[in-house]
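Visitor: Dropping the structure in here first, questions after.
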Amino acid sequence: MKNLTLCIDKANQFVGTGAVEALEQKTKAALEALEHGTCPGNDFLGWLHLPSSITSDFLQEIQRTADDLRASCDVIVVAGIGGSYLGARAVIEALSNSFAWLKQTSPAIIFAGNNIGEDYLAELSEFLKDKRFGVINISKSGTTTETALTFRLMKKQCEEQRGKEEAKKVIVAITDANKGAARAAATKEGYKTFVIPDDVGGRFSVLTPVGLLPIACAGFDICQLVQGATVMEKVCAHDVPFTDNPAAQYAAIRNALYNSGKKIEILVNYQPKLHFMSEWWKQLYGESEGKDKKGIFPASVDFTTDLHSMGQWIQDGERSIFETVISIDTPNRQLLFPEDEENLDGLNFLAGKRVDEVNKMAELGTQLAHIDGGVPNIRITIPQLNEFYIGQLIYFFEIACGISGNILGVNTFNQPGVEAYKKNMFALLNKPGYEAESKAIRERLKIN
Ligand code: PA5
């Protein structure tokens, strides 16, 4: 069985001979620090050996809950934000038929609790009016405003439409074992619950019930997902030699590039289904590394779509970027380009070829053009877009992130910076307990 592979040759040429090798000791030390729990943030390393420690009994329990929800709901609303949202959405969108939402496959998975858009929530509520819907409420802290606000609305509507007792059967909470409002509500109402382990932070939680339950509800094989991640856990382990360990190599090259002035990493895909994989990746790397006034800025594009917009900047703008391309060897479907007698579009030279061949030539042509334009290129290849390889991709990015943050010298597993906006928002909303902040912010903004 093939695995995910990494190619850094076309990035290496930009940092010069020996730059990656020079980081070998730091990279190895970072891996050892993760393995032995001696790095900053070491109380959040529960994700490290998570794949190989998930039991089949646990997966079956998740599957049973998913099956129950699937049987009694036409729509499942997944309420969560950040790490309590992006992983599930990334996997579900990568694996779903692109038109699933139009085909009205049952149950539809809808994501909410990740914004405070009044129109979004009002339209969601209107859409759900005649639907048998259930809710998965995901929040580790159990107090996140976006999610809590959405859950309050969804709970009320679900109870009104189904009755309080029936609603209880289709609401599931995924939260802390003891703390937070989501846990308190679940205990009081008697909802089915799953625990987010204390030692797994939000952005590393996709292989906990946070990701697994919504993914199973969408009808995808969570055993294969975990299996793929377990394989990568071995491939990227601390005792695998530096040159054979793709996560170590990826972490080293991105730090070498950063040290050489490449401050922005653009994650590139050539399959629109991977759009949310990039959103998940951006959170993983942005929240993990962007601190202490350091860190690569993680950006993303969908090619070839964005070659017609951001392509100009990437080819020719400031040379502070590098690209990491996720390439998929073989699409799951086959579509041949048809012959046309009149050939008015002049495309008969493509007749009989697979559409993917055109895509692959676009990929290769773009890689060459961008390298010629001074953009280092890293390439991650997976054989196919399925649960197994998505599992590999997830774990690969997680462990590489753990290593990379460590090389950079930050605490990869905290996120102190996300509190600043919350403090201001609560002060502005006059949240009880924020009286002093409220007064100060109003004086500063000169408002009442
Ligand atoms: O990675 C993180 O820690 C954050 O993105 C959180 O997941 C996000 O803020 C949601 O937090 P919670 O699950 O507590 O609602």
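Visitor: Return the whole-Å distance between the Cα centroid of region 93-160 and the Cα centroid of region 23-38.
Guide: Using only Cα atoms to place each centre, the spacing works out to 41 Å.
Visitor: OK, next. Residues with amide H under 5 Å of V77's amide H, sequence separation 5 or more or different chain, H placed in the peptide plane at 1.01 Å from N; which?
Guide: Residues meeting the criterion, in which the H sits 1.01 Å from N, are I110, G134, V135, I136.
Visitor: Considering only DSSP beta bridges whose two residues both sit in the chain, what percent are antiparallel, to the nearest 5? Could you put the intermediate results ahead of the total?
Guide: Working: 5 of 42 bridges.
The antiparallel fraction comes to roughly 10 percent.
Visitor: How far is helix 387-408 tilted off the main Cα axis of the chain, in degrees rounded to 10, range 0 to 90?
Guide: It is inclined by approximately 80 degrees.
Visitor: Taking a quarter of the surface of the Cα convex hull of region 184-289, what do you get in nm²? The partial results should precede the final answer.
Guide: Details: hull surface 38.5 nm².
Projected area, direction-averaged: 9.6 nm².
Visitor: Send over the semi-axes of region 1-141's equivalent ellipsoid, whole angstrom and largest first, taken as the square roots of 5 times the C-alpha gyration tensor eigenvalues. The partial results should precede the final answer.
Guide: Working: eigenvalues 313, 83, 60 Å².
Working through the eigenvalues yields semi-axes of 40, 20, 17 Å.
Visitor: Which value, in Å², gives the accessible area per residue of region 50-225 when a 1.4 Å probe is used on the protein heavy atoms? Before the final figure, lay out each step's value.
Guide: Working: 7630 Å² over 176 residues.
Per residue, region 50-225 has 43 Å² of solvent-accessible surface.
Visitor: When Lys and Arg each count +1 and Asp and Glu each count -1, what net charge do the other residues less than 12 Å away from R152, Cβ to Cβ, add up to? Present the calculation step by step, with values, prior to reporting the outcome.
Guide: Numbers: positive: K155, K156; negative: E146, E159.
Here the charged neighbours net out to 0.
Visitor: Sort 355-368, 260-273 by the packing proxy (mean of other Cβ within 10 Å over each peptide's residues), most packed first.
Guide: Details: 355-368: 15.2, 260-273: 18.8.
Peptide ranking by packing, descending: 260-273, 355-368.
Visitor: A follow-up question, please. Can you give the charge dipole size of the chain about its Cα centre, rounded to the nearest 20 debye, using +1 on the beta carbon of Lys and Arg and -1 on the beta carbon of Asp and Glu? The partial results should precede the final answer.
Guide: Details: 46 positive and 56 negative charges, 317 e Å.
Dipole size: approximately 1520 debye.
Visitor: So which trypsin sites (Lys or Arg not before Pro) in region 150-230 end up in coil per DSSP with only 14 or fewer other C-beta atoms within 10 Å? Intermediate results must be reported in sequence, preceding the final value.
Guide: On the way: sites: R152, K155, K156, R162, K164, K168, K169, K179, R183, K188, K192, R203; in loops: K179.
Within region 150-230, the qualifying trypsin sites (Lys or Arg not before Pro) (loop, at most 14 other Cβ atoms within 10 Å) are K179.
Visitor: If we count every other residue with Cβ under 13 angstrom of Y270's Cβ, Lys/Arg +1 and Asp/Glu -1, where does the sum land? Write down the numbers at each step before the final one.
Guide: Numbers: positive: K273, K360, R379; negative: D302, D306, E323, D329, D356, E357, E363.
Result for the neighbourhood of Y270: -4.
Visitor: So, in Å, what gap is there between the alpha-carbon centers of region 226-260 and region 306-338?
Guide: If you average the Cα positions of each part, the centres end up 23 Å apart.
Visitor: Structure shown: which of K179/K291; K140/K179; K234/K273; K263/K291; K103/K353; K10/K282 lie over 19 Å apart, alpha-carbon to alpha-carbon?
Guide: On the way: K179/K291 27 Å; K140/K179 9 Å; K234/K273 27 Å; K263/K291 14 Å; K103/K353 28 Å; K10/K282 22 Å.
Pairs exceeding the cut-off: K179/K291; K234/K273; K103/K353; K10/K282.
Visitor: Ignoring ligands, DNA and RNA, what percent of the 1.4 Å accessible area of the chain is carbon and sulfur?
Guide: Whole-percent figure for carbon plus sulfur exposure: 54.
Visitor: OK, next. Can you give me the convex hull volume of the Cα atoms of region 339-388, divided per residue and expressed in Å³? Write down the numbers at each step before the final one.
Guide: On the way: hull volume 5.5 nm³, N = 50.
Expressed per residue, the convex hull around the Cα atoms of region 339-388 is 109 Å³.
Visitor: Cα convex hull of region 303-411: how many Å³ per residue?
Guide: On the way: hull volume 14.3 nm³, N = 109.
With only Cα atoms used, region 303-411 gives 131 Å³ per residue.
Visitor: Tell me the trypsin sites (Lys or Arg not before Pro) within region 1-41 that lie in a loop according to DSSP and have at most 16 other beta-carbon atoms within 10 Å.
Guide: Working: sites: K2, K10, K26, K28; in loops: K2.
Within region 1-41, the qualifying trypsin sites (Lys or Arg not before Pro) (loop, at most 16 other Cβ atoms within 10 Å) are K2.
Visitor: Given 20 Å bins starting at zero, what is the percent of C-alpha pairs of the chain in each, up to the one with the largest pair distance?
Guide: 23, 53, 22, 1
Visitor: Here's a follow-up. Specify the inter-centroid distance of region 168-199 and region 382-427, based on alpha-carbon positions, in whole Å.
Guide: 24 Å
Visitor: Tell me the net charge near A229. Cut-off is 14 Å between Cβ atoms, A229 excluded, with +1 for each Lys or Arg and -1 for each Asp or Glu. Intermediate values should be presented prior to the final figure.
Guide: Values: positive: K234; negative: D221, E233, E387, E398.
Summing Lys/Arg as +1 and Asp/Glu as -1 gives -3.
Visitor: Rg (Å, one decimal) plus Dmax (Å, integer) for the alpha carbons of region 144-240?
Guide: Cα-based Rg and Dmax for region 144-240 come out at 16.4, 56 Å.
Visitor: Just to be sure I understand the curve: with the Debye formula and one point per C-alpha of region 50-225, what is log10 I(q)/I(0) at q = 0.10, 0.15 Å⁻¹?
Guide: The computed values of log10 I(q)/I(0) come out as -0.33, -0.78.
Visitor: Taking a cut-off of 17 Å between Cα atoms, list the aspartates and glutamates near K26, but don't count ones fewer than 8 places away on the same chain.
Guide: Counting by Cα, and skipping residues close in sequence, K26 has these aspartates and glutamates nearby: E35, D239, D244, E289.
Visitor: Going Cα to Cα from K439, which lysines come in below 23 Å? Please leave out same-chain ones fewer than 8 positions away.
Guide: The reachable lysines, counting only those whose Cα sits under 23 Å from K439, are K422, K423, K431.
The values are calculated or read from the model by the stated rules, or taken from the named source; none is laboratory data. Values in this document were obtained by computation on a predicted structure and should not be read as measured data. Positions of Cβ are backbone-derived with ideal geometry, glycine not excepted, and every protein chain shown enters the neighbour counts. For the accessible areas, the whole protein counts, side chains as well, though only heavy atoms, and no ligand, DNA or RNA atoms are used. Shrake-Rupley method; radii C 1.70, N 1.55, O 1.52, S 1.80 Å.
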